[in-house]
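The values are calculated or read from the model by the stated rules, or taken from the named source; none is laboratory data. This is a predicted model, so every value here is computed, not measured. Reconstructed Cβ throughout: ideal geometry from the backbone, glycine too, with neighbour counts over all protein chains shown. To get the accessible areas, we keep the full protein, side chains included, count just its heavy atoms, and leave off ligands, DNA and RNA. Shrake-Rupley method; radii C 1.70, N 1.55, O 1.52, S 1.80 Å.
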Number of protein chains: 6
Amino acid sequence: MYFVKIRESMMIAHSLKNEFFGPAQNVHGATFVVDVTFKSENLDTHNVVIDIGLAHQIVKETLKPLDYQNLDDLPVFEGHLTTTEFIAKYIYDEISVKAAGIFEGTIGISIQENPNAWAGYE
Amino acid sequence: MYFVKIRESMMIAHSLKNEFFGPAQNVHGATFVVDVTFKSENLDTHNVVIDIGLAHQIVKETLKPLDYQNLDDLPVFEGHLTTTEFIAKYIYDEISVKAAGIFEGTIGISIQENPNAWAGYE
Amino acid sequence: MYFVKIRESMMIAHSLKNEFFGPAQNVHGATFVVDVTFKSENLDTHNVVIDIGLAHQIVKETLKPLDYQNLDDLPVFEGHLTTTEFIAKYIYDEISVKAAGIFEGTIGISIQENPNAWAGYE
Amino acid sequence: MYFVKIRESMMIAHSLKNEFFGPAQNVHGATFVVDVTFKSENLDTHNVVIDIGLAHQIVKETLKPLDYQNLDDLPVFEGHLTTTEFIAKYIYDEISVKAAGIFEGTIGISIQENPNAWAGYE
Amino acid sequence: MYFVKIRESMMIAHSLKNEFFGPAQNVHGATFVVDVTFKSENLDTHNVVIDIGLAHQIVKETLKPLDYQNLDDLPVFEGHLTTTEFIAKYIYDEISVKAAGIFEGTIGISIQENPNAWAGYE
Amino acid sequence: MYFVKIRESMMIAHSLKNEFFGPAQNVHGATFVVDVTFKSENLDTHNVVIDIGLAHQIVKETLKPLDYQNLDDLPVFEGHLTTTEFIAKYIYDEISVKAAGIFEGTIGISIQENPNAWAGYE
């Protein structure tokens, strides 16, 4: 199994409106350092898993509508608790759609939200 | 010159309400990884610059009122553009007051706001 | 598969009393940077893998009896070579017991012992 | 499953002679930070996955003929596009041969080529 | 003293044609992770040291002619030993010229060339 | 001012025998990640601050008698509280002696003892 992993980041605000989340019920924010892994059993004719320039473009296009936003204000997240796990799955789904037809393998998402915490989906 | 540096972090939201800041005019957020450096010409009788437990406590007490907050809502920042530079100076001032009488040397603040950007005051 | 990963660290001394280990037969020490990954097929009703506050508490409680200790002096490790691999498995077992009833998924442990070496169990 | 991971690095030049690679068709270079993971279901009688000194030696011996080289000049790579994915597989094969008889488990290779990009094989 | 630090990277090849440099006399390469620090006694009316978007643009424009190049082929470096120290000073000079009239403070350059080595100029 | 910085690490045990240090009075350990900075106003005829191979050798020779040791057992530290600050100064002094006649500039030492704490001397 081969893989390529690329890193992009975004700076978002949000609140988690459920008493379960304690102080995170407040509007607060995070730098999300997003690692996207593309995995494939084989390399293509150029000896790559995926065109890395295209991979960066797909990831940037996926993060751009979220970057510098308060997730509480985005209709796509209305009625959802935007935990890091949930956002990882959302990014996974968006990239899967965008990469369809370009990339045949599997995708993994890891988000670092602070020096001591990560969440992800794969 | 001796130094001790400690790291704590906080997760804040804010907006920079001036067209100069482009997309950062939106309410967005950041994980601020805050490094506080205590510098001193000499060590004390315990061979330390400062009691590191006390230093951590001072830094945590300084960051706690900001952590999980939208800086736009805090009276102390009303009418100010809360850039990372400005917040670094604010933390510097707060720690200087709290450490007065305990620590005689100089203090430096560095804040990493994303993998490619830092700001600070010393 | 979703995951949450949290990081804590501890500072331990030990010796590896077998000539196989060369200079590590001496009493020496390490900062163990411990990453604990909680993996689950599904999110709970709060859109999380595990309550991250509770996860940190479980990990801290697990590391606390080892932190600032010479592992050679702890009865639980008597007669064992406390390699990083062995300690990773010990932490895995302890956290598995503590998380039983709270968390249904699988757990992974990774320990960084210096800038160029890690060991783990999952 | 237990694992041990070790890190070594090398500094290489190469060019990717296909218009697919845009500016990387030029002779350019990279610091390849190579992480090699040794995975095993069991520990040996010394409570280790592999003798870590021997593991470092195997990895160093594998990287040494590539370090400080222009990969375009090495006969072993003639006619190949030396992408990071391809090099990861090459290192995997070399280490697999060198570790045969010493280590029974599986091996994984991850190469970081810049702060935002990795490739690997496992 | 306030500061802002930004990070960009480039991937270069070169050779150091003097027997002093041992194996680095070969054409080899490096990922140069370049940190540029802008220092100033005061903040401007927007509470910043420098417009961070403009700072990134200046640094990118400075690195672009070097990225994906063999420094041995660039006329500007003809007859020079392109050590990391020398390149740091070159970047310092280029950025100083580009930032003249925009930024009044001092500049520092740090280049990480591998996990265990940095060089710089300030 | 030019600089070169190199990183080496060592794994030590020690205890801090004064109630001021709380749990650190126990024999415990640390991975000390030691960054040594060599600073100079000028480059030599090879465009370097110092021969980086020689610099690595000096640092390795300095750390070797401490690596894999319990500092409590070393005569050189008898009667001293071996805080990280104190060890940084010790390394500074040792390297200054070893580099005399080879290097004319100034030296700085930074030791990271865990993910959130550093100490140093310069």
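Here are some notes:
- Carbon/sulfur fraction of accessible area - chain A, other protein chains in place, 1.4 Å, %: 47
- Per-residue mean of C-beta atoms belonging to partner chains within 10 Å, peptide B:97-107: 0
- Rolling a 1.4 Å probe across the protein heavy atoms gives the range B:7-57 an accessible surface of 39 Å² per residue.
- Debye log10 I(q)/I(0) at q = 0.06, 0.09, 0.12 Å⁻¹ for the protein assembly as shown, Cα point scatterers: -0.36, -0.88, -1.84
- Amide N proximity, the range A:82-122 versus C:GLU41 label position 7 Å along Cα-to-Cβ, cut-off under 12 Å: none
- Considering only beta bridges that DSSP places wholly inside chain C, some 95 percent are antiparallel.
- Positive contributions from Lys and Arg (+1) and negative ones from Asp and Glu (-1), summed over other residues with Cβ under 12 Å from the Cβ of D:VAL4, come out at -2.
- Per residue of peptide C:44-53, the mean number of Cβ atoms on other chains within 10 Å of the residue Cβ is 6.
- For the set B:ASP72, C:ASP35, A:ASP73, the ranking by accessible area, highest first and with no ligand, DNA or RNA atoms included, is A:ASP73, B:ASP72, C:ASP35 under a 1.4 Å probe.
- Bridge orientation summary for the protein assembly as shown: considering DSSP beta bridges with both residues in this region, about 95 percent are antiparallel.
- In terms of distances greater than 29 angstrom between alpha carbons, the cross-link table entries E:LYS98/F:LYS89; B:LYS39/C:LYS17; B:LYS89/C:LYS64; D:LYS5/F:LYS89; B:LYS17/B:LYS64; B:LYS39/E:LYS98 yield E:LYS98/F:LYS89; B:LYS39/C:LYS17; B:LYS89/C:LYS64; D:LYS5/F:LYS89; B:LYS39/E:LYS98.
- Shortest-first nm distances, F:HIS46 label point to equivalent points in other copies (7 Å, Cα→Cβ): 3.6, 4.0, 4.5, 4.6, 5.9
- The residue in chain A that lies nearest, by its beta carbon, to the axis linking chain A with chain D is given here with the distance in whole angstrom as A:SER110, 8.
- The range D:62-122: C-alpha gyration tensor shape, a/c 1.5 cut-off, then a/b vs b/c: oblate
- Cβ neighbours within 10 Å from other chains - mean over C:68-76: 3
- Shape descriptor for the range C:12-89: Rg over Rh equals 1.11 (Cα atoms; Rh from the Kirkwood inverse mean 1/r).
- With label points set 7 Å from Cα along Cα→Cβ, the inter-copy distances at D:PRO65 are 4.0, 4.1, 5.1, 5.1, 6.5 nm, sorted shortest first.
- HN-Hα J in Hz across the range F:59-76 - Karplus 6.51, -1.76, 1.60, θ = phi - 60°, x for Gly and Pro: 5, 4, 5, 6, 7, 4, x, 9, 5, 6, 10, 8, 4, 4, 9, 8, x, 4
- With contacts taken as Cα pairs under 8 Å at a separation of at least 6 residues, the range A:2-122 carries a relative contact order of 31 percent.
- Cα-based shape type of the range A:1-43, given that a ≥ b ≥ c are square roots of the gyration tensor eigenvalues and the cut on a/c is 1.5: prolate
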